[in-house]
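Here is the structure we will look at, set down as C-alpha cells.
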Amino acid sequence: MRLEDVMDRANSRREQGRERRKNNFYNSPAHSDKLIRLFNSSFRESEYGEPPPVTAKVKGMMSGFIKVCRSNGWSERSIYETMPMIVKHWDYIKKCEHHTLNGKKAALGDRPSLLEFMICRETMLAAITKATSQKIVEDTKEIKTVKVTRGKRFTPTEEEMQEEYNRLMEDM
C-alpha cells in the first residue's frame, strides 16, 4: 500500500469515529454542563475569543430551558443544536429586536452570551429559525475599541466636548 492510501484510510476512519461520537453526544440526555461546553467550543471556533464566564444562576436557567424544551416535544439533538446556532447566527440575531421573557425591550452585545440567550430566548429562537429558513450566514466581525476609565465620570472630557461642538457646527 502506498502512503497516500494509508493516510486517506486513516482520515476516513477518524471522521467516522468523530461522527459516531458526535451522534452519541447529541442523542444523550441534555444537561446544562454539556450545553455550556458546546456553546464554549462553538464560541472559540467562531473566533470570538474566550467565552464569558458562566455563573450558577445561568446554569440554573439552562436547566429550566432544557425542561421547557422537553415539555414542548423537542428532541435531545434539537436542544444541543441550538447552542452552535446561537453563535453561528449571532451577527443576524443581534440586529433583530428582542424582548425579555417579561416583555421588556432588550439590546444584545457584540459577542454571543448565554445569559442574554436565557433572558431573551423566545425572540432569539425566533430569530434563529428565521435565519436558518432564509439561510442567512453573516461573517462580519465588528471590533469596537473600548476606552476604560477608572471610577464614575459624570462630566464629559475635553475631547468629547470638542467632538460635540464640531458635530453641532457641521449641522449648521
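Quick look at the values:
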item	result
Residues (part of a helix (DSSP H, G or I) and either of a type outside the set (Val, Ile, Thr) or open to solvent by less than 30 Å² (accessible area, probe 1.4 Å) (or both)) located in the stretch 60-74	60, 61, 62, 63, 64, 65, 66, 67, 69, 70, 71
Residues of the stretch 6-42 classified as at pLDDT below 90, in a helix (DSSP H, G or I) and open to solvent by less than 50 Å² (accessible area, probe 1.4 Å), total	1
Inter-residue pairs, beta-carbon under 8 Å, first free of Cβ contacts under 8 Å to residues at least 12 places away in the same chain and under 18 Å from residue 85 (Cβ atoms) and in the stretch 21-49, second assigned to a loop (DSSP other than H, G, I, E, B) and not basic (Lys, Arg), 6+ apart	40/51; 44/50; 44/51
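Yes/no matrix, rows are residues, columns are (1) free of Cβ contacts under 8 Å to residues at least 60 places away in the same chain; (2) of a type in the set (D, E, K, R); (3) surrounded by 15 or more Cβ atoms within 10 Å (Cβ to Cβ):
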residue	(1), (2), (3)
76	yes, yes, yes
88	yes, yes, yes
95	yes, yes, no
103	yes, no, no
107	yes, no, no
111	no, yes, yes
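The values are calculated or read from the model by the stated rules, or taken from the named source; none is laboratory data. Values in this document were obtained by computation on a predicted structure and should not be read as measured data. Cβ coordinates were reconstructed from backbone atoms using ideal geometry, including for glycine residues, and neighbour counts include every protein chain displayed. Just the protein is used for accessible areas: all its heavy atoms, side chains included, with ligands, DNA and RNA removed. Shrake-Rupley method; radii C 1.70, N 1.55, O 1.52, S 1.80 Å.
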